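This report concerns only the one structure given below.
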Amino acid sequence: MRNISIFSILFLSFVLFWGCGSSKSSINTDDPEKAFSIAKRKFDKGDFSDAIEDFSFIKIRFPGSTVSEKSQFYLAESYLRLKEYLLGAYEFENFLKSYSLSELYPEAMYKLGVCYFELSPPYPLDQEYTKLAEQQFLQFIEAYPQNKNVPDAEKKVRELRNKLAYKDYRTAEIYMKNDNYKAASIYFQNVYENYIDSDWADDAMIGQAEAYIEGKKYSEAVKVLERFNKLFPASPLKSKAERLLSIANANK
């Protein structure tokens, strides 16, 4: 799994916070199983903040015990339930590194993807988390194709890829408005070459054809439009493609 530096910073802050005696864990037992039961009851009741304190205490108090694996998972899950996605991602990564043979491993893989997915920002911003989420979900789908969470992971992958495609598409449109047809063509091509399965692939091919026509590269426009007709015979942009093809053929 990929490490992000901010995760280490957040974890260090957490350790310092713990070390200063700020924990409010109510656990007062030397029995790890009993300690886990106390924390899990809080989790099941929806008291996720208290559960985080207890599961964190268990990690430190009973390392390597029979409840370490479950405590790590439910610590991560508690952060996810509280929408603390950055901390949730960090703890799910810890789980995946430490418990590769766990029965909870597939669920943790999926949940790490969910954390990244929720951290994915609107398209104009940096898309690092979008790409991490896509990568994580694809790894999960490949590893566990029959898992119950695969349909949701596939749905989220499509949403993520649409966002990435739209980011390039909007960049291409900006270049078109500034009459920079060469740059626009490159970004339009990025869309359909990298995200052919996205909702923007046919729009991008039409956009590239228009960029070529505006730049007087009519033969290139013809090639793109002929490829468009093969790839998207049922596209709602079919009539526009035909008009552009007539223009390109008449001028090449």
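The values are calculated or read from the model by the stated rules, or taken from the named source; none is laboratory data. In this text the structure is predicted, and so the values were computed from the model without any measurement. Methodologically, a virtual Cβ is constructed for each residue, glycine included, from the backbone with ideal geometry; neighbour enumeration extends over all protein chains shown.
Within region 47-75, which residues are more than 23 Å from Ser100 (Cβ to Cβ) and either outside the structural domain of Glu93 (by TED's automatic domain parsing) or free of Cβ contacts under 8 Å to residues at least 12 places away in the same chain (or both)?
Correct list: Asp47 only.
Table: residues versus (1) surrounded by 21 or more Cβ atoms within 10 Å (Cβ to Cβ); (2) aliphatic (A, V, I, L, M); (3) within 16 Å of Ile186 (Cα to Cα).
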{"site": "Ser198", "(1), (2), (3)": "yes, no, no"}
{"site": "Gln208", "(1), (2), (3)": "yes, no, yes"}
{"site": "Glu214", "(1), (2), (3)": "no, no, yes"}
{"site": "Asn229", "(1), (2), (3)": "no, no, no"}
{"site": "Pro236", "(1), (2), (3)": "no, no, no"}
{"site": "Lys240", "(1), (2), (3)": "no, no, no"}
{"site": "Arg243", "(1), (2), (3)": "no, no, no"}
{"site": "Ile247", "(1), (2), (3)": "no, yes, no"}
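Screening region 114-156 for residues that are touching a Phe, Trp or Tyr at 6+ places or on another chain (Cβ under 6 Å) and among the hydroxyl-bearing types (Ser, Thr, Tyr) and picking the one that is nearest to Trp200 (Cα to Cα) gives Tyr123. Which residues, counting only those in region 169-191, are within 23 Å of Leu125 (Cβ to Cβ) and either hydroxyl-bearing (Ser, Thr, Tyr) or crowded, with 22+ Cβ neighbours inside 10 Å (or both)? Once the filter is applied, which keeps residues that are within 23 Å of Leu125 (Cβ to Cβ) and either hydroxyl-bearing (Ser, Thr, Tyr) or crowded, with 22+ Cβ neighbours inside 10 Å (or both), region 169-191 yields Tyr169, Thr171, Ala172, Tyr175, Ala184, Tyr187, Phe188, Val191. Of the set (1) closer than 30 Å to Ala165 by Cα; (2) part of a helix (DSSP H, G or I); (3) of a type in the set (Lys, Arg), all apply to Lys83 but (2).
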